[in-house]
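Report on one structure; see the data block that follows.
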Amino acid sequence: MKMQTVSILALPLLALAACSGGGGADKDGDGKISKEEVAREAESIKFSPGEWENKVEMLDVDFAKSKMPPQLQDAMKQQVGKPQAVKNCLTKEQASKPGADFLAGADSGECAYKTLDLSDGKVNAVIACKGKQPGQQGDIKLTGTYTATSYDMQMDMVMSSKEFGSMTMKAKNSGKRIGECKA
């Protein structure tokens, strides 16, 4: 099942950008979080420029309600417990105005925030995504903590499609500033 949701490797960007002092993105109280509200929630984000190391690790995957072929299930199960690390340089310019476009959602309109609160050093978000094929859907719950130089998050995901049924995944995502950017 290929869902173009918030990629497990793109989630560090969300976590890095989650340094806001807001109290929830649905400022107008209409029950919907618009791209403008997400961008507004992200406006106060400030974090430290420099080299960051981001780690993502799949903790569990459950295929109990899945019709996914066994070979695909096995390939995914082999990723459990194998952290993936990515280093990236966050420039001063990026740190001063980070990720609002990313947080506001992809231009494709495939994902929408049901809830988003980046206040008090905590990350709480629920994201609903639709796949490119009819009947594909993904729901992602993000919880965690952050500072200007680190973050730690838990991701709980449920993905479903007419073709493959549903599956659940749990992952953790952490990152920290590790120094100055290398030239």
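Select, from K172, K182, K176, the only residue that is touching a Leu at 6+ places or on another chain (Cβ under 8 Å), among the basic types (K, R) and touching a residue at least 60 places away in the same chain (Cβ under 8 Å).
Only one candidate qualifies: K172.
Give the residue that is farthest from A95 (Cα to Cα), with candidates limited to residues of the range 150-165 that are among the small types (G, A, S) and surrounded by fewer than 19 Cβ atoms within 10 Å (Cβ to Cβ).
So the residue we want is G165.
Tally the residues that are part of a loop (DSSP other than H, G, I, E, B), within 30 Å of T147 (Cβ to Cβ) and in contact with a helix residue (DSSP H, G or I) (Cβ under 6 Å, 6 or more places away or on another chain), restricting the search to the range 48-83.
1
Could you check the range 35-44 and list, in sequence order, the residues that are at pLDDT below 75 and more than 16 Å from the chain's Cα centre (by Cα)?
R40, E43, S44
Residue-by-condition table, conditions (1) modelled with pLDDT under 90; (2) exposed (fewer than 14 other Cβ atoms within 10 Å of the Cβ):
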{"position": "W52", "(1), (2)": "no, no"}
{"position": "D74", "(1), (2)": "no, yes"}
{"position": "K97", "(1), (2)": "yes, yes"}
{"position": "K122", "(1), (2)": "yes, yes"}
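Quick check, is G31 modelled with pLDDT of 90 or more and of a type outside the set (A, V, I, L, M, F, W, C)?
no
Do we find that L59 is at pLDDT 75 or above and buried (at least 19 other Cβ atoms within 10 Å of the Cβ) in this structure?
no
The values are calculated or read from the model by the stated rules, or taken from the named source; none is laboratory data. None of the values given here were measured: they were computed from a predicted structure. We place every Cβ from the backbone using ideal geometry, glycine too, and count neighbours over all the protein chains shown.
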